[in-house]
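Colleague: Here it is, the structure, as structure tokens.
The values are calculated or read from the model by the stated rules, or taken from the named source; none is laboratory data. All figures in this text were calculated on a predicted structure; none of them were measured in a lab. Methodologically, a virtual Cβ is constructed for each residue, glycine included, from the backbone with ideal geometry; neighbour enumeration extends over all protein chains shown. Accessible surface is based on the protein model in full, side chains and every heavy atom, while ligands, DNA and RNA are left aside. Shrake-Rupley method; radii C 1.70, N 1.55, O 1.52, S 1.80 Å.
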Amino acid sequence: LIVEKGLGSHNYVLVVDQFEDLFRKGPDRQSHGRNESIHRFIDLLVKMVRSERPGIFVLLSIRSDFLEESSFHRSLTEMMNRSKYLLPQMSREALVSAITGPVLLAGARLDEGFVEYLLEDLEDLDNPLPQLQHALMRTWDYWSGQEGQDQSITISDYQAIGTVRSALQDHLEEIYAELDEKQQ
């Protein structure tokens, strides 16, 4: 985001999606986000919000399980406490829409019982969205690589990728196996 000296009547919004990546992928995860470059970035965000210039807004999205990581930055925590908006967990209807919407938009079909089977698989997972997203992506890739794309996406296609339980782990193992010894 580049903000010139004269803002005029314009508003600027800086959106930082997946803010938790700052803490998750930082150079030293054990430092709880105390890395100097992380501090500088957060300080810049805070200064931008506190600026006397009107019309600069910062929107952060962060997973709730990373809120503790951000608490090591007092000024950020204070701002978050004053302005947070927490999204509730997805309802069953929202999950159904997240599963079926992209498939229908692409002109494909899901087999009878697919959605119910998948929802049942998600029931005891604490944070199912990342696993769901990955499993659906892998299921789509598997299905689209088969002959007969005029057929529905089936439970068998979903099971072939390892389901939400192991799709990500199986995918990582595939990637690892493709690496040479030095890369591994």
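Colleague: In percent, how large is the relative contact order of the chain, given Cα pairs closer than 8 Å and 6 or more residues apart?
Modeller: This gives 17 percent for the chain.
Colleague: Which GluC sites (Glu not before Pro) does segment 126-184 hold that lie in a coil by DSSP with at most 10 other beta carbons within 10 Å? Intermediate values should be presented prior to the final figure.
Modeller: Values: sites: Glu147, Glu173, Glu174, Glu178, Glu181; in loops: Glu147, Glu181.
Answer by residue number: Glu147, Glu181.
Colleague: Further question: How far, in nm, would the chain grow between Ala106 and Glu173 when pulled straight, counting 0.36 nm per residue and subtracting the alpha carbon separation?
Modeller: Working: separation 67, 0.36 × 67 = 24.12 nm, distance 2.89 nm.
Working it through step by step, the gained length comes to 21.2 nm.
Colleague: Taking the solvent-accessible surface of protein heavy atoms with a 1.4 Å probe, what is the per residue accessible area of segment 69-145 in Å²?
Modeller: I get 67 Å² per residue for segment 69-145.
Colleague: Here is a follow-up. Starting from the Cα of Met80, step 7 Å along the direction of its Cβ; do the same at Glu120; then give the gap between the two resulting points in nm.
Modeller: 3.8
Colleague: Just to confirm the number: angle between the C-alpha axis of helix 163-178 and the first principal axis of the chain, 0 to 90 degrees, nearest 10?
Modeller: 80
Colleague: While we're looking at this one, here's another question. Could you give me the percent of Cα pairs per 5 Å distance bin for the chain, shortest bin first, beginning at zero and ending with the bin that holds the maximum distance?
Modeller: 1, 6, 12, 13, 12, 12, 12, 12, 9, 6, 3, 1, 0
Colleague: If a/c stays under 1.5 just call it rounded; otherwise compare a/b with b/c (prolate if a/b is bigger, oblate if not). Do that for segment 84-181, with a ≥ b ≥ c from the square roots of the Cα gyration tensor eigenvalues.
Modeller: Verdict is oblate for segment 84-181.
Colleague: Just from its helices, what would the mean residue ellipticity at 222 nm be for the chain, if runs of 4 or more DSSP H residues each count -39500 (n - 2.57) and the sum is divided by every residue, rounded to the nearest 500 deg cm²/dmol?
Modeller: -15500 deg cm²/dmol
Colleague: Cut-off 13 Å, label point 7 angstrom out along Cα-to-Cβ of Leu87: give me the residues of segment 93-128 whose amide nitrogen falls inside.
Modeller: 94-95, 98, 128
Colleague: In whole percent, and with a 1.4 Å probe on the protein chains, what portion of the accessible area of the chain is carbon and sulfur?
Modeller: Carbon plus sulfur share of accessible area: 51 percent.
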